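To keep things clear, I will list the structure first and then write my remarks on it.
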Amino acid sequence: MSAAPVTITITGAGGQIGYALLFRIASGAMLGPETPMRLNLLEIPQGLRAAEGAALELQDSAFPLLARVEVFDDAAAAFRGANHALLVGARARTAGMERGDLLGANAGIFGPQGAAINAEAADDIRVTVVGNPANTNALIAAAHAPDVPPERFSALTRLDHNRALGQLAPVLGTPVSDIRNLTIWGNHSATQFPDVAHATAGERRVPELLAERLGGAEAARTWLTEEFIPRGAKRGAEIIEGRGSSSVASAASATIDHVRDWGHGTSRGWTSAALVSDGSYGVPEGLISSFPVESVDGAWRVVQGLELDDFARQRIEASVAELIDEREAVRALGVL
Ligand code: NAD
Ligand code: LMR
């Protein structure tokens, strides 16, 4: 282990996702087996004891890549020198709520954290927002970090992407690893649009293979619109109903996938991430929306030139309209 340690700041480290995330990061699953790291765990006072307990367990795990772990309740100190910021700390929704209902409770967290990142983080900082509603929280954080290039901010839609792979694979009769070029468009919310139009499974186009497996193109369309899309939209709620609280291990796993691919590249087709829009596909510039993305040389790039039919355009527009409404709501709250 010769490289200098990378500093990773994890907010909400004393929470559920924090606990599922920390040990996988420390094991090297996120940045690879050659990258030593320092972990900065940021919590609010109520979460400090849990974060401190997790820090003790990290120490007890004797991870070879873990150079240091520290617990903070001060954002400026926690983000000092950070190369990665995982903004997880936020309230989670409970049954009957939509993620957007958390705006009032959570939006106030992300301005000060964006400002602390702006002031304290390393020049190559990469920010991944997990706390809900993730797209709009990322918008707030980015707005408070004017010196950080906007492309260094992202919000997690990889969980939706992985969920879509998990739904498709058994219907296609293929392993998830054979499915490429699926896209989650829009918001990490019930309006998200999981799009299989350009996806492939092995040598086959997914729409064709679905038609073959489900008894025709019409049956495939019905399955997509009546089962696949609604299931993805409501999967978070389905998990809450089953577990009694929102997804944890799958959310941590998706966060690992997102950051790993951001740094190491997407070598097997594209994936999905919410990024600051540059106007691609008609998404208004500046909104944080999910796109088909590749990572090249450590930077996300939106995959360009995909043809969208009317159905796809309508779905994307509906999700973007919700993002615009959320932006208006946080403007009204005075945090943007
Ligand atoms: P949790 O309640 O178990 O943990 C949240 C932690 O954040 C708590 O320990 C709390 O003390 C801490 N916290 C609150 N405000 C903070 C602040 N200002 N600074 C630092 N820490 C702070 O919740 P969880 O299950 O870990 O979920 C965390 C968030 O992730 C929720 O908003 C949840 O909805 C969201 N989530 C997002 C996705 C996604 O795909 N984007 C998936 C699952 C969960
Ligand atoms: C999820 O998708 O599981 C998370 O965003 C948690 C939630 O509120 O659904």
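Each value in this text was obtained by applying a stated rule to the coordinates, not by laboratory testing. Only a predicted model underlies this, so the values are computations on that prediction, with no experimental measurement involved. When we count neighbours, we look across all protein chains shown, and the Cβ atoms used for this are built from the backbone with ideal geometry, even at glycine.
Structure summary
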read-out: Nearest 10 degrees, 0 to 90: helix 134-143 Cα axis against the chain principal axis; value: 50
read-out: Relative contact order %, the chain, counting alpha carbon pairs below 8 Å whose residues are six or more apart; value: 17
read-out: Hydrodynamic radius of the stretch 127-189 per Kirkwood, over alpha carbon pairs, in Å; value: 13.2
read-out: Size of charge dipole - the chain - debye, nearest 20, with Cβ of Lys, Arg +1 and Asp, Glu -1, no other charges; value: 500
read-out: Three principal axis lengths of the stretch 158-327 [C-alpha, angstrom, descending]; value: 42, 41, 32
read-out: Estimated 222 nm signal from helices in the chain, with DSSP H stretches of n ≥ 4 weighted -39500 (n - 2.57), rounded to 500; value: -13500 deg cm²/dmol
read-out: Burial order of peptide ranges 157-166, 53-62 (average beta-carbon count within 10 Å, highest first); value: 157-166, 53-62
read-out: Rh by Kirkwood over Cα pairs, then Stokes-Einstein D for the chain at 1.306 mPa s and 10 °C, µm²/s; value: 79
read-out: Charge dipole of the chain about the Cα centre (unit charges at C-beta), most positive-ward option of Gly28, Phe153, Val335; value: Gly28
read-out: With Cα atoms, 0 to 90° folded angle of helix 103-120 axis to the chain main axis; value: 60
read-out: Candidates per GluC sites (Glu not before Pro) in the stretch 154-221, loop by DSSP, up to 13 other Cβ within 10 Å; value: Glu203
read-out: Using alpha-carbon coordinates, inclination of helix 229-243 to the longest axis of the chain, degrees; value: 50
read-out: Volume in Å³ per residue [convex hull over Cα atoms, computed for the stretch 108-250]; value: 132
read-out: Cα gyration tensor of the stretch 6-155 - equivalent ellipsoid semi-axes, whole Å, descending; value: 23, 19, 13
